[in-house]
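Let me begin by presenting the structure, written as structure tokens, before commenting on it.
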Amino acid sequence: MVQVVQIPAERRERAGKGAARAVRRSGRVPGVVYGDNKPPFNISLDPKDVIREMARAGFHSRVFELKIAGENMRALARDVQIDPITDRPTHVDFMRFGVDTPIRVGVQVVFKNEGKCPGLKRGGVLNVVRHEVELLCVADKIPETLDIDLDGLEIGDSIHISHIKLAEGVRPVIRDRDFTIAVVAAPTRYEEEVVKPAATVEGAVAAEGAAPGAAPGAAPAPGAAAGAAPAKGGAAPAKGGAAPAKPEAKGKK
């Protein structure tokens, strides 16, 4: 049996943005009720009731009974506008329905027993493909949430819509395939490439070109053959080579 939540509401005659702002200034939340082949009308609600129900899972699939001036009216919350600064509701749309009218509704998926999932304990990741599943059913059979038990699932296991037991008369909108809801995927690893400093690379190249036995970093002597080891203890030749010998002076006669 679906749990029906009662919310008191008040009718408001004026419509439009100005009337809605006036309702917010008075401390209430404006809203509208439509559907079931009847004309829409405006209402106002206590913000505490709206915030309390929004904090619970399955807000859009929960059946509400609006108590308006002694009249009880069942409806679903279809849209909620939120203030971007205060995160408080600023407007709520409700859709009323008949008792036997099939309703297309999105139901939230809730995962349980994550601590008992061997695949997650081994470092796996739960990749959720669908956070919500669209169902088609009458209002009295709408489930608030679709609960999925992760107990015993290993890495590589996937969860399909066929793994969820639905009540009689409740079916998914997508019927042509057994679509995936979530997968316990393997962990992803990233390997960082180690980059050697430029100075280290240049030193290694110079060492490879040096003759065996030469001291690392020693430069070959000028004019020596390529790869020749530098002379130990020898005097360095003069720059530009040896100076030419001067001709002998001729004796005076």
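Here are some notes:
- Using a probe of 1.4 angstrom and keeping all protein chains present, the accessible surface of segment 70-181 works out to 57 square angstrom per residue.
- Ordering 130-137, 81-88 by mean Cβ neighbour count within 10 Å, with the highest value first, yields 130-137, 81-88.
- Carbon + sulfur, % of accessible area of segment 42-191 - ligands and nucleic acids excluded, 1.4 Å: 48
- Computed log₁₀ I(q)/I(0) - Debye formula, equal Cα scatterers, no solvent, segment 141-184, q 0.24, 0.27 Å⁻¹: -0.96, -1.11
- Across q = 0.13, 0.21 Å⁻¹, segment 1-51 modelled as identical point scatterers on its alpha-carbon atoms has Debye log10 I(q)/I(0) values of -0.36, -0.80, in the order of the q list.
- Sequence ranges 47-59, 169-181, ranked by mean other-Cβ count within 10 angstrom, highest first: 47-59, 169-181
- Residues in segment 173-185 carry Karplus couplings, in order, of 5, 7, 10, 8, 7, 8, 6, 7, 9, 7, 9, 8, 8 Hz; the curve used is 6.51 cos²θ - 1.76 cosθ + 1.60 with θ = phi - 60°, and Gly or Pro positions show x.
- With semi-axes defined as the square roots of five times the eigenvalues of the C-alpha gyration tensor, the equivalent ellipsoid of segment 1-158 measures 36, 19, 12 Å, largest first.
The values are calculated or read from the model by the stated rules, or taken from the named source; none is laboratory data. Bear in mind that the values here come from a model prediction, so they are computed numbers and not experimental data. Note that we place each Cβ from the backbone using ideal geometry, even for glycine, and neighbour counts take in every protein chain shown. Note: areas computed on protein heavy atoms with side chains; ligands, DNA, RNA excluded. Shrake-Rupley method; radii C 1.70, N 1.55, O 1.52, S 1.80 Å.
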